[in-house]
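Notes follow once the structure below has been shown.
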Amino acid sequence: AGSTTRLGNATAGATKGIAKAGAAAKKTGSQIEAFGKDAALAIRRFAAFTIATGAIFGFVRAVQQGISQAISFQRELIKITQVTGKAGKDLQGLTNTIDNLSTTLGVNANELLDVACTFAQTGQSLDQVRASLRAVARASLAPTFGSLQQTTEGVIAALNQFNISADKTEQVLGSLN
């Protein structure tokens, strides 16, 4: 009888211990669930803030690059003015050609202006520079040519080597291609 009583007491104690452990587990589970919800909310807020900040920084960086490119474009125009002795309205046709080629062919306007300066340094007139520039810009789309500068140097060498006029640049590039 004493053993049965002790066994009953031990079983009751074990049952109480299990009940306490269950209650503690339930309380801990609800606290972990609350922590998870709070953490998820914090992550969502941080992500939203990061995305907004990234967009603002991206816009500022794009404006800075645009201003830098515009300044570089103006400097190259000054170089062409120095080489050709032409300015203002005389350069407007070249600027329009560069704008057109840049937008229609997707070629960097500053690279085109750099190439135009190279052609002007060879003694070509502005009309010849524009014709050569159109040909080189179109040729840059062909897979057989390298960079614009390499293509320009190759064209200048071919024109000088074979005594070909600048208005034949497109035909030279076509035959090389």
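Listed here are the helices (runs of 4 or more DSSP H) enclosed by the range 87-164 that have at least 2 residues being under 20 Å from L176 (Cβ atoms) and open to solvent by less than 20 Å² (accessible area, probe 1.4 Å): 109-121, 126-139, 148-161.
Listed conditions (1) in contact (Cβ under 8 Å) with a residue 12 or more places away in the chain; (2) open to solvent by less than 70 Å² (accessible area, probe 1.4 Å) are all met by V63, apart from (1).
Inside the range 66-85, residues that are surrounded by fewer than 15 Cβ atoms within 10 Å (Cβ to Cβ) and either outside any helix (DSSP H, G or I) or of a type in the set (S, T, N, Q) (or both) make up a count of 6. Looking at the range 1-22, is at least one residue closer than 30 Å to T122 by Cα, exposed (fewer than 10 other Cβ atoms within 10 Å of the Cβ) and over 28 Å from the mean Cα position of the chain (by Cα)? Checked the range 1-22: no residue is closer than 30 Å to T122 by Cα, exposed (fewer than 10 other Cβ atoms within 10 Å of the Cβ) and over 28 Å from the mean Cα position of the chain (by Cα).
The values are calculated or read from the model by the stated rules, or taken from the named source; none is laboratory data. Worth saying up front: this structure is predicted, and the values here are computed from it rather than measured. Cβ: placed from backbone, ideal geometry, glycine included. Neighbour counts: every protein chain shown. Note: areas computed on protein heavy atoms with side chains; ligands, DNA, RNA excluded. Shrake-Rupley method; radii C 1.70, N 1.55, O 1.52, S 1.80 Å.
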